[in-house]
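In what follows, a single structure is set out as structure tokens and then discussed.
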Amino acid sequence: MAKRYTRNPEFFPEDLGDGVLLIDAESSKVIEFNSSGAVLWRELETPASASQLLDVLTAKYPKISKEALKHDIDSFLETASDYRAILETSP
């Protein structure tokens, strides 16, 4: 079964228009993501798999290759997980 991810409720977003800052309420650490990262963050309000996130980005950015979008998703998931901004959920 595919891993599913959701937002960590201890992080608060600050919309930058073309990106998002995520602020950790516990440690005050800040992470900045670009526009595709902001889309992914908003999408993770409800649990989603990497495959579901790819569908979302493909619809939002139809001129960008799926390979490039998959790379963006993998990078977002890795960074956000490293900072605990997202959490794995049960299927």
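The values are calculated or read from the model by the stated rules, or taken from the named source; none is laboratory data. Keep in mind the model is a prediction, meaning the values are calculated, not measured. Every residue, glycine as well, gets a Cβ built from its backbone with ideal geometry; the counts of neighbours run over all protein chains shown. To get the accessible areas, we keep the full protein, side chains included, count just its heavy atoms, and leave off ligands, DNA and RNA. Shrake-Rupley method; radii C 1.70, N 1.55, O 1.52, S 1.80 Å.
To keep it simple, each residue is scored yes or no on (1) of a type in the set (Phe, Trp, Tyr); (2) modelled with pLDDT under 95; (3) under 20 Å from GLU32 (Cβ atoms); (4) touching an Asp or Glu at 6+ places or on another chain (Cβ under 7 Å).
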| residue | (1), (2), (3), (4) |
| --- | --- |
| SER51 | no, no, no, no |
| ASP55 | no, no, no, no |
| THR58 | no, no, no, no |
| ILE64 | no, no, no, no |
| LEU69 | no, no, yes, no |
| SER75 | no, no, yes, no |
| SER90 | no, yes, no, no |
Please count how many residues of segment 3-35 are in contact (Cβ under 8 Å) with a residue 60 or more places away in the chain and either touching a helix residue (DSSP H, G or I) at 6+ places or on another chain (Cβ under 6 Å) or assigned to a strand (DSSP E or B) (or both). 7
Here the residues within segment 45-68 that are among the aliphatic types (A, V, I, L, M) and either within 12 Å of the chain's Cα centre (by Cα) or within 22 Å of VAL30 (Cα to Cα) (or both) are ALA48, ALA50, LEU53, LEU54, VAL56, LEU57
Anything in segment 16-34 that is open to solvent by 90 Å² or more (accessible area, probe 1.4 Å) and over 19 Å from ASP72 (Cβ atoms)? List them, or say none. GLU26, LYS29
Of all the residues that make up segment 36-78, how many are β-branched (Val, Ile, Thr), closer than 19 Å to ASP18 by Cα and either in contact with a strand residue (DSSP E or B) (Cβ under 7 Å, 6 or more places away or on another chain) or not in a helix (DSSP H, G or I) (or both)? 1
How many residues are surrounded by fewer than 17 Cβ atoms within 10 Å (Cβ to Cβ), of a type outside the set (D, E, K, R) and within 16 Å of PHE12 (Cα to Cα) when one looks only at segment 35-78? 1
Give me the residue from segment 1-10 that is open to solvent by less than 100 Å² (accessible area, probe 1.4 Å) and either touching a Lys or Arg at 6+ places or on another chain (Cβ under 7 Å) or modelled with pLDDT under 95 (or both) and, out of that set, farthest from THR58 (Cα to Cα). GLU10
